[in-house]
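The values are calculated or read from the model by the stated rules, or taken from the named source; none is laboratory data. Predicted model only: the values in this text are computed from it and were never measured. Cβ: placed from backbone, ideal geometry, glycine included. Neighbour counts: every protein chain shown. What goes into the accessible areas is simple: the full protein's heavy atoms, side chains included, and nothing from ligands, DNA or RNA. Shrake-Rupley method; radii C 1.70, N 1.55, O 1.52, S 1.80 Å.
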Amino acid sequence: MSYLSNALVQFFIHIKQAQALTIINFKSFPQRLAASLVSILSIACVTAVILSVLAMTEGMMKTLHKTGLDNTILVMRAGAVSELQSVMFPVEMNILANNSKITRNAQGQAMASAEMFVNAEVNFKAGIDDQVTTSLALRGISATTLLFRPNFKLERGKLFSSGIRQLLIGQAIARRMPELSVGKTITLGGAQWQISGIFSDDNSVFESELWADIGIVQSDYQRGNTIQSIRLALNNINDLATLEKEWQDDPRLNVRVITEKQFFADQAEDLTRLIRWLGFPVAVVMALGAMVAALNTMYAAIASRSKEIATHKAIGFSPLAISISILCEAVLIAVVGGGLGILPLYLAFDGWTAATQNASSLSQMMFNFDIHLVLIAQAMSLAVLIGLLGGLLPALKAMRLPVTEALRD
């Protein structure tokens, strides 16, 4: 019991000594700021890169996970991994919609929506002589489509008229390309289209699309009466497995059935996996560089303060207390660097609308950078870890530095 008490007393003495030395080091830190600048900037760059990757991933995940309804199924041609690859016919829609498991409205009509999806080349004027060409997703929708978009809201303008080359543009496109305003004329498929309105859909992926009358889209893109996807509302989502088997056994059908929610969740996984594969290796390499910079900085600090460290040991400060104070200083460098990387990124890019190429649709998908507290904590934790690892070996060196040798330097 006496041995344990002595150990505790010694431990608290070491902690008090470390606290005193850490306060001294922190107060004198501004004088060593220039010498620590390389480490600070290296850690700032790593923190900014990792936070960017996390914010991009989070923004895309939120955009795609917000898309789709739990009781809505998406039907495409068997083997199609995206709507772009699918081709279906009205006769198939009639067979699917007439199933008893499909929800019906008060008039007894099946809750079904036929849609077209085109990777469209869009041309418009951004200035007097500046012609812009970009690739956007064009969705031909039917009269029942809005029943499957409960979060749809017309922000500006009006709905397009059927049979006329008018279209709605998603709010994400309008933020990203402010030139596309209500009343503006753009070129799609060699024809002139007028923007009739701008819509929002709770920041879902649909805000990255152009919506137009399906009949005009079929005509302009020479698709005849074909469609690419069918959305159906189920009475009970638990009937999906039974319904899928029933349709697979029907020789008139050759379809793939998936919940709309799952379809977009799968796209989210594919996109974010690609970003992680590209972004995290870059961040790891930069983190190693920042760790080396921190290591050099702390070694240089010990070399320049060897007499100071020896004096502390001579007057009774323990090697453990000295090493803890060195580690705390390394963490301080990391926190300053982490803050320097996080703050400008948060102020400049939180909520900023970015665009990426959606591999499944071959068109642009807009999403918002989402820099929230959890991501900031993760990025700062990485910065602190770099500081700790960078300060560990110098702290051990300071602990083992002989007093007589240091005083002779």
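Numbers below:
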| quantity | calculated |
| --- | --- |
| Selected residue (only one of 140, 157, 170, 215 is in contact with a Phe, Trp or Tyr (Cβ under 7 Å, 6 or more places away or on another chain) and either surrounded by 15 or more Cβ atoms within 10 Å (Cβ to Cβ) or at pLDDT 90 or above (or both)) | 170 |
| Any hit, the range 191-201, residues being part of a loop (DSSP other than H, G, I, E, B), under 19 Å from residue 76 (Cβ atoms) and not hydroxyl-bearing (Ser, Thr, Tyr) | no |
| Residue that is within 23 Å of residue 239 (Cβ to Cβ), open to solvent by less than 40 Å² (accessible area, probe 1.4 Å) and either polar (S, T, N, Q) or not in a strand (DSSP E or B) (or both), where the choices are 92, 115 | 92 |
| Scope the range 201-242; condition among the polar types (S, T, N, Q), over 20 Å from residue 135 (Cβ atoms) and under 32 Å from the mean Cα position of the chain (by Cα); matching residues | 203, 238 |
| From the options 60, 56, residue that is modelled with pLDDT of 75 or more, open to solvent by 30 Å² or more (accessible area, probe 1.4 Å) and in contact with a strand residue (DSSP E or B) (Cβ under 9 Å, 6 or more places away or on another chain) | 56 |
| Selection from the range 239-269 of residues that are open to solvent by less than 80 Å² (accessible area, probe 1.4 Å), more than 18 Å from residue 204 (Cα to Cα) and of a type in the set (Lys, Arg) | 256 |
| Check on residue 331, at pLDDT 75 or above, hydrophobic (A, V, I, L, M, F, W, C), surrounded by fewer than 18 Cβ atoms within 10 Å (Cβ to Cβ) and under 14 Å from residue 387 (Cβ atoms) | no |
